[in-house]
Amino acid sequence: MFAAALAGCAPAVSPGQATMPQATSASADVERNKAAIRRWLEEGDNKGNVAIADEVFAPEVVLYHPTSPEPLRGIEVIKQGSMGLHKAFPGFKGTLDDVIGEGDKVTVRWTLKGVHQGEFMGIPASGKPFTITGISIYRFVGGKIVEGWYAVDMMSFYAQIGATPAGTPPAAPAPSTSPAPSPAAGR
């Protein structure tokens, strides 16, 4: 019944002609941007090929990360950050759990797994494995990332490697299991 009702609305299509709408340049841009994120993760971060950063990030990129009170600026920050990850966590593996794009932005939900084998942010190697998750939002201009915002579960990371981040008070001592002295004990 519905097919017959819609038959008059469909444009005439010759045999073999695609009936799917053609991708618009906007959707093609979104797909290109998503592919750039995937390429950076696989070749840049996971494999340590930091030269890929020049193809994915704009030279004037600005990043907002919870571990930095000020925005991080410039493509060299990306390269140094990736190299630092490889020194502290050799063989780490990042995976993209979700990649969602719309307009000039791509949002990714990701997981990073590794072993803390070198100094990281002043924290000496612990030899402990970790798994952290995060969400990053990237804004593109002309096919390159110009801005990035990161939400990362750093507290979970610190706990997994046995570290206390600077400025965080140590955990309170466990309550004593011995009986409290009686007030009469002091007399």
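The values are calculated or read from the model by the stated rules, or taken from the named source; none is laboratory data. In this text the structure is predicted, and so the values were computed from the model without any measurement. Glycine gets a Cβ as well: all are built from the backbone with ideal geometry, and neighbour counts include every protein chain shown. For accessibility, only protein heavy atoms count, side chains too; no ligands or nucleic acids. Shrake-Rupley method; radii C 1.70, N 1.55, O 1.52, S 1.80 Å.
When G122 is tested against (1) open to solvent by less than 60 Å² (accessible area, probe 1.4 Å); (2) under 12 Å from the mean Cα position of the chain (by Cα), exactly one condition is not met: (2).
Within segment 70-82, if we keep just the residues that are of a type in the set (G, A, S) and modelled with pLDDT under 95, the residue that is most open to solvent (accessible area, probe 1.4 Å) turns out to be G81. Does F140 satisfy being aromatic (F, W, Y) and assigned to a strand (DSSP E or B)? Against the criterion (aromatic (F, W, Y) and assigned to a strand (DSSP E or B)), F140 qualifies. The C-beta contact set for segment 113-126 (first residue over 11 Å from P90 (Cα atoms), second residue open to solvent by 90 Å² or more (accessible area, probe 1.4 Å), distance under 6 angstrom, 6+ apart or interchain) comprises A125/Q117. Taking the criterion of being under 12 Å from the mean Cα position of the chain (by Cα), under 21 Å from G142 (Cβ atoms) and open to solvent by 40 Å² or more (accessible area, probe 1.4 Å), the only residue of segment 83-110 that qualifies is T107.
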